[in-house]
Amino acid sequence: MTEEETPEPRDLTREAAEAALEEVAAEVRVCPKCELARTRTHAVPGEGHPKAKVMLIGEGPGWHEDRQGRPFIGNAGKFLDELLAKAGLTRADVFITNVVKCRPPGNRDPMPDEIAACAPYLERQIAAIDPEVIVTLGRFSMARWFPGERISRIHGQPKRDGARLIVPMYHPAAALHQGNLRGAIEDDFAKLPKILAEAERDRETAAARDEPGANQMTLF
Ligand code: URA
Ligand code: SF4
């Protein structure tokens with residue numbers, strides 16, 4: 001088989017990524033795989049640029065999100081828009097989703113079996129988008145890359161995961177009304193452009209290394 005027939009996820013064109021994301025969204029909207037399916041109004045698959053360089057992963061839909069089927073549209077969402085602006089980004093530039101796609105009743109924490117049931121959707125979204133940078137918002141998305149870590153210790157510090165950087169940040173809903181956390185999350189978002197530039201440099205270096213002929217060049 002040629003490479004064209006079996007593209008790696010990172011090689012997906014915008015159209016292919018869009019199609020893969022729409023397939024995930026269609027499955028999520030009718031998903032019966034955990035208890036949260038029984039109490040949701042609308043599942044919230046996530047939305048944004050299909051080839052976003054920055055992907056943000058929250059916890060789970062709240063009341064407003066459940067009503068409209070869209071992520072981060074309540075107060076935390078408005079604050080998130082301000083934070084994105086601090087990084088020179090808009091919603092159209094990024095992809096936003098959550099660890100669980102359906103609202104936990106009363107906004108309780110998602111349970112381990114719910115997170116596990118929903119994880120394959122998130123993994124497929126990450127594979128399709130292949131973002132340079134993933135920002136985790138709050139402890140449930142943080143736990144996927146930083147098990148056992150404490151947000152107060154590691155927020156804003158990127159960690160490499162293969163070809164991308166993962167940046168743990170406070171959850172905007174938690175940071176919004178707590179002065180010290182608010183300052184911290186604002187500072188962390190302000191660092192995003194630098195972190196993204198670093199991630200992009202890494203990819204360019206890796207691409208140059210993998211280019212046919214690159215190895216021969218080093219012989220001279
Ligand atoms: N909080 C989240 O974690 N996700 C949303 O989509 C909205 C609020
Ligand atoms: Fe399915 Fe995820 Fe919704 Fe559970 S939370 S029903 S696994 S989409």
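The values are calculated or read from the model by the stated rules, or taken from the named source; none is laboratory data. Worth saying up front: this structure is predicted, and the values here are computed from it rather than measured. Counting neighbours? That spans all protein chains shown, and the Cβs are built from the backbone with ideal geometry, glycine included.
Structure values in brief
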read-out	value
Residue tally, condition away from ligand 1 (no atom under 16 Å from the Cβ) and more than 17 Å from ILE115 (Cα to Cα), over segment 31-51	3
Verdict on ALA76 being crowded, with 19+ Cβ neighbours inside 10 Å, away from ligand 2 (no atom under 16 Å from the Cβ) and modelled with pLDDT of 95 or more	yes
Wholly within segment 157-220, helices (runs of 4 or more DSSP H) carrying at least 3 residues that are modelled with pLDDT under 95 and under 25 Å from ALA128 (Cα atoms)	192-210
Residue list for segment 144-169, restricted to those being farther than 20 Å from VAL100 by Cα, among the small types (Gly, Ala, Ser) and free of Cβ contacts under 8 Å to residues at least 60 places away in the same chain	SER152, GLY156, GLY162
Candidate set: segment 52-94, residues that are in a loop (DSSP other than H, G, I, E, B) and among the β-branched types (Val, Ile, Thr); chosen: the one farthest from ligand 1 (Cβ to nearest atom)	THR90
All positions within segment 107-137 that are within 14 Å of GLU27 (Cβ to Cβ) and within 14 Å of ligand 2 (Cβ to nearest atom)	ALA117, CYS118, ALA119, PRO120, TYR121, LEU122, GLU123, ARG124, GLN125
Conditions (1) in contact (Cβ under 8 Å) with a residue 60 or more places away in the chain; (2) more than 16 Å from ligand 1 (Cβ to nearest atom); (3) not hydroxyl-bearing (Ser, Thr, Tyr): number failed by GLU18	(1)
Extreme residue, nearest to ligand 2 (Cβ to nearest atom), among residues of segment 170-190 that are free of Cβ contacts under 8 Å to residues at least 40 places away in the same chain and either farther than 15 Å from LEU80 by Cβ or of a type in the set (A, V, I, L, M, F, W, C) (or both)	ALA174
Filtered residues of segment 111-126 (kept if under 11 Å from the mean Cα position of the chain (by Cα) and in contact (Cβ under 8 Å) with a residue 12 or more places away in the chain)	LEU122, GLN125, ILE126
Conditions (1) modelled with pLDDT of 95 or more; (2) within 10 Å of ligand 1 (Cβ to nearest atom); (3) of a type outside the set (D, E, K, R): number failed by ASN107	(1)
Segment 137-184, residues that are crowded, with 19+ Cβ neighbours inside 10 Å and out of contact with any helix residue (DSSP H, G or I) (no Cβ under 8 Å at 6 or more places or on another chain)	SER141
Meets criteria (within 16 Å of ligand 2 (Cβ to nearest atom), more than 17 Å from ILE185 (Cα to Cα), touching a helix residue (DSSP H, G or I) at 6+ places or on another chain (Cβ under 9 Å) and at pLDDT below 95) for ASN98	no
